[in-house]
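**Q** Have a look at the structure that comes next, please.
The values are calculated or read from the model by the stated rules, or taken from the named source; none is laboratory data. Computed from a predicted model, the values in this text were never measured in an experiment. All Cβ positions, even for glycine, are placed from backbone atoms using ideal geometry, and neighbour counts span all protein chains on display.
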Amino acid sequence: MASTVGTIMALLVFLTFLSLITNQYVPVWMKDSEAGHMGEALGQMGVFKSNIDLQTLAAQTAQIVNRHYIPVTTFSSVKLGVDGVPIFSSPTIGELTINQTRSAWSLWFQYSISGNATTVAEGLNCVDSQGRPEGCGGNVRLHVFNRYFPQQSIVYENGALIRAQADGQVVKGEPSFRAFVANNSAEIDFTLIDLFGTGGVAGIGAEGIQARVISVDLQEYGDLLTDVYVNASTAYGPAWFRFLNDTLGLAYGVPAAAYQGQPGYDFTAVFEGKRAIQLQIDNPYFSLRSIWNPIIQRYSLVLQFKFDSPSPISTFRVLHAYVNVAAGERGNEVGL
């Protein structure tokens, strides 16, 4: 009897200890590991962004000095997931994908050249799956299926590095976008980056992303005749909305307080749960809106620089870069 009771007590102590590990220690450990991995992955994707930025700068420099540009291929290593705790917890899987049709960016305006109205339609030479004209772009996305820490995506899109989760998204690495306002006029520098490639891989190990900037095209426009429209179809409308509004608001000197009941200023925000499905800002200098489209499951983002602005655009520069990207074995179909 004594040995039986002793065995039962020993089993109860063991089960209590096992339960403590499973229900308390393992979740805390895995949550810390998943949070740390997301920070590490952000830095690794940042290296990928920096590689493209440096290649773009090199190609632009070669174009300026009228020298031949030899494309190079850069390699960035990204750890997809998190190793689990042996016996107690399974690994956390990550998925790295390249999609050249998932985001679409374009811009449109007219300017005068030798007295003739000329239309600029950058990024509209691509088509969607039905053969209809659509903006070019694409993105590279690492999505980690965290179980203890919130599931997150780290995305490279049009030169920006975006961190997104269910309750919000933000631009962590800024794209090459600049607005300079002085003497009642504005100079705008904007970049379009088209990604060409397919493929992807899932798992927990480290994978590489290859990138090669094929060419760049820098154009400068003056004597604008119309408003300038920047259009995008993206899953990360709120992140872009916040970044563009903050950047332009600072350049034009339009603080958030300016939208409090003053004529000519307007701000609208509509949320569905924690998700912003409609964000709109309008002022005498520019208007910006991000509206969720449930049919295509993306945001329609429109930035409009107003021709009759108190500080009209004197110079609008567009840098268009074309980049081959590949990830995993399938990505090699692109032929870097």
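**Q** Test of understanding: among G138, G94, G84, which residue is closer than 30 Å to V302 by Cβ, of a type outside the set (V, I, T) and either surrounded by 14 or more Cβ atoms within 10 Å (Cβ to Cβ) or modelled with pLDDT under 85 (or both)? So that I can check it myself, show each step before the final result.
**A** Working: G94 fails: closer than 30 Å to V302 by Cβ; G84 fails: closer than 30 Å to V302 by Cβ.
Of the residues listed, the single one that is closer than 30 Å to V302 by Cβ, of a type outside the set (V, I, T) and either surrounded by 14 or more Cβ atoms within 10 Å (Cβ to Cβ) or modelled with pLDDT under 85 (or both) is G138.
**Q** I need a count of the residues in region 243-267 that are surrounded by 15 or more Cβ atoms within 10 Å (Cβ to Cβ), aliphatic (A, V, I, L, M) and not in a loop (DSSP other than H, G, I, E, B).
**A** Residues meeting the conditions: 4.
**Q** Can you find even one residue in region 232-251 that is closer than 29 Å to G138 by Cβ and β-branched (V, I, T)?
**A** yes
**Q** Which ones in region 316-336 are assigned to a strand (DSSP E or B) and either modelled with pLDDT of 95 or more or out of contact with any Gly (no Cβ under 7 Å at 6 or more places or on another chain) (or both)?
**A** If we filter region 316-336 for residues that are assigned to a strand (DSSP E or B), which is where we start, we get 316-327.
The answer is F316, R317, V318, L319, H320, A321, Y322, V323.
**Q** Which ones in region 218-242 are under 14 Å from F286 (Cβ atoms), assigned to a strand (DSSP E or B) and aromatic (F, W, Y)?
**A** Y229
**Q** Looking at V270, V302, V228, which one is crowded, with 19+ Cβ neighbours inside 10 Å, out of contact with any Asp or Glu (no Cβ under 8 Å at 6 or more places or on another chain) and among the hydrophobic types (A, V, I, L, M, F, W, C)? Reasoning before the result, please.
**A** On the way: V270 fails: crowded, with 19+ Cβ neighbours inside 10 Å; V302 fails: crowded, with 19+ Cβ neighbours inside 10 Å.
After ruling out the rest, the residue left standing is V228.
**Q** Related question: For region 194-217, check the following and say yes or no: at least one residue is at pLDDT below 90, of a type outside the set (V, I, T) and assigned to a helix (DSSP H, G or I).
**A** no
To keep it simple, each residue is scored yes or no on (1) closer than 27 Å to Q169 by Cα; (2) out of contact with any Ser or Thr (no Cβ under 8 Å at 6 or more places or on another chain).
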residue	(1), (2)
K31	yes, yes
Q44	yes, no
A58	no, yes
Y69	no, no
T73	no, yes
V78	yes, yes
